[in-house]
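The values are calculated or read from the model by the stated rules, or taken from the named source; none is laboratory data. None of these values were measured; they are calculated from a predicted model. In this analysis, Cβ positions are derived from the backbone assuming ideal geometry, glycine residues included, and neighbour counts consider all displayed protein chains. Note: areas computed on protein heavy atoms with side chains; ligands, DNA, RNA excluded. Shrake-Rupley method; radii C 1.70, N 1.55, O 1.52, S 1.80 Å.
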Amino acid sequence: MRRGLGGTRGDERAVSASVGVVLIVAITLMGATAVVTLGSTAIGDTQQAADVQRGEHVMTQFASKAAMAALGDTGSQSMSTGDTQGTISVTEETGRMQVYHVNASGNGDVDQIANSTLGEVTHRNGDRVTTYQGGGVWSKRGDDPAQMVSPPEFHYRGQTLTLPIVSVAAGETAAASGSSRIRVEGGETTRVFPDPDADADDETAGNPVENGTVVVVVESEYHEG
């Protein structure tokens, strides 16, 4: 009887030892899996951040080329996107800028000086969007507010407002991915203020503006930037 009891206790110890080994192996595997998972996530995040920075650099370079072409420095410009990940597309009917001269005659009148769609050139990589619109470059992630990457050609010094309105139109190809070349061509440039066709005696059309207030209205997905 004693031997039988002793044998039983030995079996119990053997089972306990086996269970202990299984638990140690399981914890080791879990730890190794966690290290691999976290390491892969960190590498992926670093890679995406690098891709986003390259995309912002490409769009900033595009803004510089577009300014030279649109503002009359050169007729056309071209550039390469390099090994940038994601896609680049052109959308024409997005965003709008309007400029008003309010109360120019002192009787509450509102004169519209300019009304133009802006269009946009967008680099999209996952949920990160970097966009050229209105002469500036803006970055947006998901539903987060937009941030400015490069400022638009919008200057106000003293009593002088310089505001070129740049509209984007698509050429033969409106979208591209991977390494590609972008060609930017300047279109027609029109001066809207002072109006060259205005009557010389019209005090409301003179430059600088002496009466009333100039109001600029921007409709854009990136206005918070």
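Under 5 Å between amide hydrogens, which residues at least 5 positions from T94 or on another chain qualify, with H placed 1.01 Å from N in the peptide plane?
HN-HN under 5 Å from T94: L118, G119, E120.
Going highest first, how would you order 213-225, 130-142 by mean Cβ packing within 10 Å?
130-142, 213-225
What FRET efficiency would be calculated for the residue pair D111, M68, taking the C-beta separation as r and a Förster radius of 41 Å, to the nearest 0.05?
0.80
At 1.4 Å probe size, put F193, F62, F154 in order of accessible surface, largest to smallest.
F154, F193, F62
Please work out the average accessible area per residue across the range 69-133, using the 1.4 Å probe convention, and give it in Å².
Ligands and nucleic acids excluded, the figure is 44 Å² per residue.
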